[in-house]
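**Student:** I have a structure here, written as structure tokens, and I will follow up with some questions on it.
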Amino acid sequence: MRTRRRGRVGKVPALAARLDLGLFRPKGPIVGKDVSGRVEAVGADVETLRPGDDVFGWCRGGLAEIMCVSEAALAPKPAALSFEQAAAVPVSGFTALQGLRDRGQIRAGHRVLINGAAGGVGTLAVQIAKSFGAVVTAVCGARNGALVRSIGADHVIDHAREDFAGGDRRYDLILDMIGNRSLADCRRALARNGTLVLVGGRGGPWFMGTDRWIRALLLSPFVSQRLRPLVHTDDRQDLAFLSRLAEAGKLAPVIDRCYPLAEVAQAIRFLQGRHARGKVVNTL
């Protein structure tokens, strides 16, 4: 399959990343996971795909011109999305969907706060939360306020001017991609029976950055609020779910910029600057 692009932004605690990518060294010499492209050839046992099909999905070594991908890791590319947009969906989409739906148990009418709403996961989370009928508050920088409103946020908090944990508003669900506030701060912003989903962020100095997750797991059984870390699972059914949202006009990935495949190093340096709005994509 010929890949068209790949993009990802965000951080998870180091231990979780190492378990996924390789504990002591990378599992593969080529990085990248999100892909979209056109099927060039299929094996004898492939049943659902044919040469010429436009697809998207995930694999190891996605930052390549041609790759071998399992049929189970691909789905037809939504016609509503370009190749660039489709490649921006899988991993961040899984994270947002599973955080909101599975760990967060989101429902229509829920008051949902998304901390880090302008990033790769956050921009998808805003749209997914709205598709479930939630009332969404997006936390981001001032320059991204108009962006998150344009994709559906009902309320916007400029993190430089307002403390989401210091006001009177309480949320049924907080999806935290940043990890810049303590568990106690986040709990103050939660409703009595609310849910905090910890997706990534800065963690702490212990246990390779997972100490915040560990504290949440230890505390959760003793309080009325649910404190739930998340490590996403790659899932073809969820890929199909995200595809249906896109076809229905409810999910359109935000892409900050595209880099040619030859400029992967520049793309990574841009991501490391932590100023990306939505996703960064590599193209052929």
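The values are calculated or read from the model by the stated rules, or taken from the named source; none is laboratory data. Remember, predicted model here, so these are calculated numbers, not experimental data. Heads up, the Cβs are rebuilt from the backbone with ideal geometry, glycines too, and the neighbour counts pull from every protein chain shown. Protein only, heavy atoms only, side chains kept; ligands, DNA and RNA dropped before computing areas. Shrake-Rupley method; radii C 1.70, N 1.55, O 1.52, S 1.80 Å.
**Student:** Hey, can you tell me all the residues within region 227-247 that are open to solvent by 30 Å² or more (accessible area, probe 1.4 Å) and among the small types (Gly, Ala, Ser)?
**Tutor:** Of everything in region 227-247, just one residue is open to solvent by 30 Å² or more (accessible area, probe 1.4 Å) and among the small types (Gly, Ala, Ser), namely 240.
**Student:** Which of the following residues is in contact with a helix residue (DSSP H, G or I) (Cβ under 9 Å, 6 or more places away or on another chain), in a helix (DSSP H, G or I) and open to solvent by 40 Å² or more (accessible area, probe 1.4 Å): 96, 86, 79, 72?
**Tutor:** Answer to the check: 72.
**Student:** Another question about this same structure. Among the residues of region 50-62, write down those that are of a type outside the set (D, E, K, R), out of contact with any Ser or Thr (no Cβ under 8 Å at 6 or more places or on another chain) and in a loop (DSSP other than H, G, I, E, B).
**Tutor:** Correct list: 51, 52, 61.
**Student:** As an exercise: evaluate residue 250 against (1) open to solvent by 60 Å² or more (accessible area, probe 1.4 Å); (2) in a loop (DSSP other than H, G, I, E, B); (3) at pLDDT below 95 and give the number of the one condition it does not meet.
**Tutor:** (3)
**Student:** A follow-up question, please. What residue, among those in region 253-273 that are charged (D, E, K, R) and farther than 27 Å from residue 149 by Cβ, is least open to solvent (accessible area, probe 1.4 Å)?
**Tutor:** Let us first name the residues in region 253-273 that are charged (D, E, K, R), namely 256-257, 263, 269.
Subsequent filtering for residues that are farther than 27 Å from residue 149 by Cβ retains 263, 269.
Values: 263: 69, 269: 145 Å².
Residue satisfying both the conditions and the ranking: 263.
**Student:** State which residue is farthest from residue 263 (Cα to Cα) when the search covers only region 22-52 and only residues that are touching a Lys or Arg at 6+ places or on another chain (Cβ under 8 Å), open to solvent by 40 Å² or more (accessible area, probe 1.4 Å) and modelled with pLDDT of 70 or more.
**Tutor:** 42
**Student:** Here is a further query. Could you say which residue among 266, 237, 272, 225 is free of Cβ contacts under 8 Å to residues at least 60 places away in the same chain, of a type in the set (S, T, N, Q) and in contact with a helix residue (DSSP H, G or I) (Cβ under 7 Å, 6 or more places away or on another chain)?
**Tutor:** Only one candidate passes the filter, namely 225.
**Student:** What is the number of the single condition among (1) out of contact with any Asp or Glu (no Cβ under 9 Å at 6 or more places or on another chain); (2) open to solvent by less than 40 Å² (accessible area, probe 1.4 Å); (3) of a type outside the set (D, E, K, R); (4) assigned to a loop (DSSP other than H, G, I, E, B) that residue 276 does not meet?
**Tutor:** Checking residue 276 against (1) out of contact with any Asp or Glu (no Cβ under 9 Å at 6 or more places or on another chain); (2) open to solvent by less than 40 Å² (accessible area, probe 1.4 Å); (3) of a type outside the set (D, E, K, R); (4) assigned to a loop (DSSP other than H, G, I, E, B), the one that fails is (1).
**Student:** Given (1) touching an Asp or Glu at 6+ places or on another chain (Cβ under 6 Å); (2) within 29 Å of residue 233 (Cβ to Cβ), where does residue 165 come up short, assuming only one miss?
**Tutor:** Every condition holds for residue 165 apart from (2).
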